[in-house]
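A short write-up of the structure that comes next.
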Amino acid sequence: MEFRRLLLNLVIIGACLGLMGISASLLYGREILTLLYGSTYAGYNKLFVWVMIAGAVIFIQTALGFAYTTIRQFRVLIIPHIIVTIIMFASSFLLVSVNGSIGGAWAFAFSNLCLVFLFVFLLNRALASSPSYV
């Protein structure tokens, strides 16, 4: 039970960091882009927000990946990554051709969200089948 609680705390921390990044991009995105890349990029604020949304999903996915490392379940990660690679390819093919860079950010966020769901599903199965991890 301690493992699940620690994992939940790690996921919550990742989600909070992601929300902070999304909030910063919504509130100060133009200023951040101008400061870092110049005024030419200030117009890409909408893309910046979507990239930050994808980043927030990756923070959660990374926390779940740490859980697999902790319980030493490495081989089970091959199939989800193959599935998500196919999802990323298909969603990029469909979304980038219609929506450009924003479509790429959507495809990136969507494929990583799919990986989060696959990780949660497989992690619950692994923890249920081996109580020594819990």
Review point. So which residues in segment 1-27 are under 17 Å from the mean Cα position of the chain (by Cα) and outside any helix (DSSP H, G or I)?
Key: none
Exercise for review: Output the residues belonging to segment 60-102 that are over 24 Å from G21 (Cα atoms) and not in a helix (DSSP H, G or I).
Suggested key: I71, R72, Q73, F74
Check your understanding: Looking at A105, A42, A54, which is the one that is over 15 Å from V120 (Cα atoms), touching an Asp or Glu at 6+ places or on another chain (Cβ under 9 Å) and surrounded by 16 or more Cβ atoms within 10 Å (Cβ to Cβ)?
Key -> A42
**Study point:** Scan of segment 94-122 for residues that are of a type in the set (A, V, I, L, M) and within 25 Å of Q73 (Cα to Cα), ordered by number
**Key:** A109, L113, L115, V116, L118, V120, L122
Point to revise | Pair list, Cβ under 6 Å, 6 or more apart: segment 47-74 residue at pLDDT below 90, other residue not basic (K, R) | key: A67/L7; A67/L123; Y68/L77; I71/Y133; Q73/A126
Check your understanding: When S91 is evaluated against the numbered criteria (1) exposed (fewer than 15 other Cβ atoms within 10 Å of the Cβ); (2) without any contact (Cβ under 8 Å) to a residue 24 or more places away in the chain, which criterion, by number, is the only one it fails?
Key -> (1)
Review point. Has segment 28-37 got at least one residue that is in contact (Cβ under 8 Å) with a residue 40 or more places away in the chain and over 16 Å from the mean Cα position of the chain (by Cα)?
Key: no
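The values are calculated or read from the model by the stated rules, or taken from the named source; none is laboratory data. All values reported here derive from a predicted model rather than from experimental measurement. All Cβ positions, glycine included, derive from the backbone under ideal geometry; neighbour counts span all protein chains shown.
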